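The values are calculated or read from the model by the stated rules, or taken from the named source; none is laboratory data. Since this is a predicted model, take the numbers as computed values, not measurements. Cβ coordinates were reconstructed from backbone atoms using ideal geometry, including for glycine residues, and neighbour counts include every protein chain displayed.
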């Protein structure tokens, strides 16, 4: 009987630890989206640093309001944060993203971020 209780406790404890990172990742993504929307480059940088993350490693897995980070920053008017994000990504990824075309087709063609995107993409 004592063995069953210890086994049950071990299973419940390990289950609690397995589901915690998912909630933490969701919270982290929400924080990143909030910092992008608020054009808070310093808070975004601090959050990434505190969590030992490289933006280029997590960029593809973070979606804010159904948009990738750069597009969300353009939509939110977060020019400083968009500039920071773009500089953290490889030029090939920026070139292949289609963010310039998206911005022009959605009424953001006059955004100063377009120039940063073009410069980083090499075009």
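Taken over the stretch 34-52, residues that are surrounded by 15 or more Cβ atoms within 10 Å (Cβ to Cβ) and out of contact with any strand residue (DSSP E or B) (no Cβ under 7 Å at 6 or more places or on another chain) amount to 10.
For the stretch 77-105, the candidate set comprises residues that are part of a loop (DSSP other than H, G, I, E, B) and in contact with a helix residue (DSSP H, G or I) (Cβ under 6 Å, 6 or more places away or on another chain); within that set, the residue that is farthest from residue 64 (Cα to Cα) is 89.
The one condition from (1) at negative phi; (2) over 10 Å from the mean Cα position of the chain (by Cα); (3) loosely packed, with under 13 Cβ neighbours inside 10 Å that residue 61 does not meet is (2).
Among the numbered criteria (1) at pLDDT 50 or above; (2) in a helix (DSSP H, G or I), which one does residue 3 miss? Of (1) at pLDDT 50 or above; (2) in a helix (DSSP H, G or I), only one is false for residue 3: (1). Screening residue 43 on (1) modelled with pLDDT of 95 or more; (2) within 12 Å of the chain's Cα centre (by Cα) shows it passes everything except condition (2). What pairs come up if the first residue lies in the stretch 81-106 and is over 25 Å from residue 31 (Cβ atoms), the second is not in a helix (DSSP H, G or I), and their beta carbons are under 9 Å apart, counting only those six or more places apart or on different chains? Between residues of the stretch 81-106 that are over 25 Å from residue 31 (Cβ atoms) and residues that are not in a helix (DSSP H, G or I), the close pairs are 91/122; 92/122; 95/122; 95/123; 100/109; 100/123. From the list 12, 53, the lone residue that is at pLDDT below 95, outside any helix (DSSP H, G or I) and farther than 19 Å from residue 97 by Cβ is 53.
Here's the yes/no breakdown for (1) outside any loop (DSSP other than H, G, I, E, B); (2) at positive phi:
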{"position": "36", "(1), (2)": "yes, no"}
{"position": "71", "(1), (2)": "yes, no"}
{"position": "74", "(1), (2)": "yes, no"}
{"position": "107", "(1), (2)": "no, yes"}
{"position": "110", "(1), (2)": "no, no"}
{"position": "117", "(1), (2)": "yes, no"}
